[in-house]
Amino acid sequence: QVQPVESGGGLVQAGGSLRLSCAASGRTFKFSNYAMGWFRQAPGGEERGFVARISWSGGSTYYAESVKGRFTISRDNTKNTVYLQMNSLKPEDTAVYYCNAVVPGSTVAAFGSWGQGTQVTVSS
């Protein structure tokens, strides 16, 4: 299982930027072995939706259409941390953001354990 700790959220005006961080660890979890991803759950939303994915090496990324061109996912395997740079934020990006390992080549979280998430609120 993975134990993610997300941070970096906040309140920002539309058009602004935020950078999220997620430190992921676990007793048997080796960060550099896993693709990692970001997910988000909008207010009143029932499920976490996929946002972005990065391969174990960082050499390949994939984005949801709604964030493509505005968000950038990256990782630092020496720090067991994955990042999400969010630019040109829109009110519809308002959500709690979570990270998790990702099943390779998919938009599905690899583990059922989730962190507390970090709240992102974009005002219009």
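The values are calculated or read from the model by the stated rules, or taken from the named source; none is laboratory data. What you see is a predicted model; the values in this text were computed from it and never measured. Cβ: placed from backbone, ideal geometry, glycine included. Neighbour counts: every protein chain shown. The area values use the complete protein model at the heavy-atom level, side chains included, leaving out ligands, DNA and RNA. Shrake-Rupley method; radii C 1.70, N 1.55, O 1.52, S 1.80 Å.
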Return the sequence-ordered ³J(HN,Hα) values of the stretch 66-72 in whole Hz as given by the Karplus equation 6.51 cos²θ - 1.76 cosθ + 1.60 applied to θ = phi - 60°, using x for Gly and Pro.
5, 10, 4, x, 10, 10, 9
If every Lys and Arg gets +1 and every Asp and Glu gets -1 at its Cβ, then about the Cα centre the chain yields a dipole, in debye to the nearest 20, of 340
Using alpha-carbon positions, what is the distance between the centroids of the stretch 1-57 and the stretch 61-124, in Å?
4
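Which shape class applies to the stretch 57-108: rounded if a/c is under 1.5, otherwise prolate when a/b exceeds b/c and oblate if not, where a ≥ b ≥ c are the square roots of the Cα gyration tensor eigenvalues? Present the calculation step by step, with values, prior to reporting the outcome.
On the way: a/c = 1.72, a/b = 1.51, b/c = 1.14.
It is prolate, given that a/c is not under 1.5 and a/b is the larger ratio.
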Surface share of carbon and sulfur [accessible, 1.4 angstrom probe, percent] for the chain:
47
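Give me the 1.4 Å probe accessible area per residue for the chain, excluding ligands and nucleic acids, in Å².
Values: 6340 Å² over 124 residues.
About 51 Å² of surface per residue is accessible.
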Grab the other residues whose beta carbon is less than 14 angstrom from that of Gly10, score K and R as +1, D and E as -1, and report the net.
-1
Taking R0 as 25 Å, what FRET efficiency do you get between Gln1 and Ser32 from their Cβ-Cβ distance, rounded to the nearest 0.05?
0.90
Here D for the chain, in µm²/s, from Stokes-Einstein with a Kirkwood Rh over Cα pairs at 20 °C and 1.002 mPa s, works out to 151
Glu92 label point, 7 Å along Cα→Cβ, cut-off 16 Å on backbone N: hits in the stretch 2-16?
14-15
Taking the Cβ of Arg53 as the centre, find all other residues whose Cβ is under 14 Å away and add up their charges (Lys, Arg: +1; Asp, Glu: -1).
+3
Compare the peptides 15-28, 85-98 by average per-residue count of other Cβ atoms within 10 angstrom and give them in order, highest first.
85-98, 15-28
